Amino acid sequence: MCGLDWERCRFWKIWVVASCLAVAATAEGASWAEDSLRVLPEGKKPQDRRLGPLKTLNDYFPFQVPQSLHQWKKRRGELRRQVLVSQGLWPLWEKTPLRARVYGRRDMGDYTVEKVHFESLPGFFVTGNLYRPTRIQGKVPGVLCPHGHWGGGRFHDAGTNRVRWQIVRGEERFQRGGRSPLQARCVQLARMGCVVFHWDMIGYADSVQLAHRPGVREHMNTLQNWGFFSPQAELRLQNMMGLQTWNSIRALDFLLSLPEVDPNRIAVTGASGGGTQTFMLCAVDDRPLVSVPAVMVSTAMQGGCTCENAPYLRIGTGNVELAALFAPKPQALIAANDWTKEMPTKGFPQLRQLYRLYGAANLVSLGAFLHFGHNYNSVSRHFMYQWMNRQLKLGLPDPVIERDYEFLTAKELTVWDDQHPAPSQRGEEFERQLLRYLTQMTQRQIQALVPRNKQQLQEYRRVVGGAFEVMLGHRLPEPKHLEFKKVREQDQGSWILFSGLLRHTEQKEELPVVFLLPKQWNREVVIWVAPEGKAALRPKGQWHPQVLGLLQRGYCVAAADLLYQGEFLSAGEKFQRVRMVRSGRQPWQQAACYTYGYNLPVLSERVGDLLHLIAFVRHHKHQPERVHVLGIGSGALWAAGARLLAGAQVDRLAVLTQGFRFRRINRLDHPHFLPGVVKYGDVPAMLALSAPWPLWVAGEGPGLELVNQVYQAAGASEAVHWCQLQGSQALQAALEWLCQE
């Protein structure tokens, strides 16, 4: 049970005394109204930036270049992990056989075009065309060409009338070849001596198994057999952007499987959504040598489609910094009269500054063609050809001039025919099947990480602990960024009540907090974390008996209103739904990625608030010897998250979880919604990552196997304690454990 003899427990005696003290305290502080814990005047809320508008994909995303290469390399490692977590690819998925088919060779004179399909996941097909030089000697460069949101995708056809106007405006040169800037670049790169793979985004052209952005659908929101964009999918970081990024990785695997392709000369280039795929692949995969993302990277709009957004992806970062992950490898960017138009003054100078840290300023370039709208037109392509010629060492005379070519229709390019029929597995049932596969595969991966010794524990902490660091999005703040403004001090007889505002000056966040300090302080602090915020210390106008018991024993008690608790709310207001970003009325515009891709979940923010309080107490000028945290109900989630990040800065953690599990959440706007948490182990994993530090748990039955395994691997089995009591008895047992010498 709890390891306590309740017939002789000292805490019962203290509880009786505390009950008497509660009556005395009420009389002693008769003038202290029921809102005595309030810090701010009635009707006034904390001056906290998080109460302002939510961040959206259309905001400003500057890149702050670190002062040193050492700082950048540390930042680079953290950011790359953040990207992989956001895509659901941390750890990378298992690579299954591609089963690639290459067929339908069409001889175009100095180059050939072939049809390709392979399986990026079992039963899920990637489709595209392979362009090769007719004559190949030795190893030649390989180029990946993602297409982006051009109408028809790989089958894009601008039409002869539109091309005529483009020729007049100087955007294109040829009536025939100008019909498709997508085919044009593949053909020219093949003529320059490269093997080029041009493949479909999900739901475009021959990719017929899934819709490109089906969006939020109520009938796909089920606890079993769910679809993309549902709470269950988001809780496992199963998103369309991650699947598309995985297709890019497997496209590179396919390209490198061709015997004539030089693995040391791989390039990637795409425009618009294809530009997003370009810098994303180059951010997570070390194999590309050259990157040319066109008309996408900027400090402005970050990408409007669900295939360009995922939870956590752009929290604290933006596309310019994501592109910077490729440094110091050769990278050329293209800007136009769209959201990239300010790149010459906002974004590119910082990118070049970063390259200078590497001594490689000549390896980054910007083609700013601001007299054209959103494009990958002839002018932009010629800029790319010169860059590829130099960086891939093709040895062609500058400038490389694009030539006209024979435009191929969708019927000529399609990979599906009588001999190669399109897959019959498609639609929502296939979508459910695919997510079942991903769920089972990632469960195996995470389960395989459960440690049996200290060495394996390091890897578990790196992967699972690293994922939680991304999802919670905070770390212990430096004391210099914290300040406390005392608002009230009141003598309560044997103890003093201090209330005020705890501010994080750099993040512009502000918490109403209270400290109950015994005049005979034992130099230990208990931080009380509950769903009611600091009001939990004084329910219904009476001091909580257990709080008074702690004070009687000499413990300082601290509590705060975390974000959307207590004084963050208007009178009578209850926090039941998270604010969400809606970019429109279409189902895909309701996707969670538009909120959680730019704003931390409320649960994560509350964990951060608690870290602020822990850091302030731990580094207070009066130097407490020990700091403990008590988490009750949903407060147990925030307390477990804070301990996970704070480690030994919390001496003892006691939580009463009430058996809560994130996997039961069925709303994207639930106050406890935390994308990815189920994938990495739910509440048990949060508790397990407290190892090897002392942990006491109630509300979880006889004990969780995962927690016991991790503590055993840490050599700290005796540091975790399980309690089967409930309600007030469990709370009393928790406090008795916290008060042990």
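Each label point was placed 7 Å from the Cα along the Cα-to-Cβ direction; for residue 404 and residue 218 their separation is 5.7 nm. Matching the structure-derived volume of the Cα convex hull per residue in Å³ against the labelled list [x] 145; [y] 164; [z] 244 gives the label [y]. Tell me the relative contact order for the chain as a rounded percent, counting alpha carbon contacts under 8 Å between residues six or more apart. Once divided by the residue count of the chain, the mean separation gives 16 percent.
Residue ranges 526-535, 625-634, 270-279 sort as 270-279, 526-535, 625-634 when ordered by packing (mean number of other C-beta atoms within 10 Å per residue, highest first). If R0 equals 22 Å, the separation of the Cβ atoms of residue 429 and residue 96 corresponds to a calculated FRET efficiency of about 0.60.
Full extension of the chain between residue 663 and residue 496 gives 55.9 nm of extra length, using 0.36 nm per residue less the Cα-Cα distance.
Listed by chain and number, the lysines whose alpha-carbon sits under 25 Å from that of residue 341, ignoring those within fewer than 8 places in the same chain, are 55, 329. Treating r as the C-beta distance of residue 345 and residue 728 and R0 as 51 Å, the FRET efficiency rounds to 0.20.
Charge tally for residue 676 (other residues, Cβ to Cβ under 9 Å; Lys, Arg +1; Asp, Glu -1): +1. Annotation: lysines with alpha-carbon distance below 25 angstrom to residue 534 (same-chain offsets under eight excluded): 44, 45, 480, 485, 486, 508, 519, 574, 621. Of interest is the spacing of the C-alpha centroids, which for segment 382-420 and segment 34-54 amounts to 60 Å.
One decimal place: the segment residue 576-residue 108 gains 162.2 nm when fully extended, by the rule 0.36 nm per residue minus the C-alpha distance. Of the peptides 168-178, 684-694, the ranking by mean beta-carbon count within 10 Å, highest at the top, reads 684-694, 168-178. Straight Cα distances below 20 angstrom link residue 95 to the lysines 679, with same-chain residues fewer than 8 positions distant left out.
Of the peptides 494-505, 719-730, 575-586, the ranking by mean beta-carbon count within 10 Å, highest at the top, reads 494-505, 719-730, 575-586.
Spin-label pair residue 418-residue 42: with each label point 7 Å from Cα along the Cα-Cβ axis, the two points sit 8.4 nm from one another.
Comparing Cα centroids, segment 430-478 and segment 355-379 end up 37 angstrom apart.
Between residue 257 and residue 585, the FRET efficiency from the beta-carbon distance, with R0 = 45 Å, is close to 0.55. Here is how the number arises for the chain: DSSP H runs of 4 or more residues each give -39500 (n - 2.57), the sum is divided by the residue count, and the result at 222 nm is -9500 deg cm²/dmol.
The stretch between residue 505 and residue 440, if pulled fully straight at 0.36 nm per residue, gains 19.0 nm over its current Cα-Cα span. If you average the C-alpha positions of segment 542-592 and of segment 610-682 separately, how far apart do those two centres end up, in angstrom? Result: 13 Å between the Cα centres.
Each reported figure results from applying straightforward, stated rules to the coordinates on display, with no laboratory input. This one's a predicted model, so the numbers in the text were calculated from it and none came from an experiment. In this analysis, Cβ positions are derived from the backbone assuming ideal geometry, glycine residues included, and neighbour counts consider all displayed protein chains.
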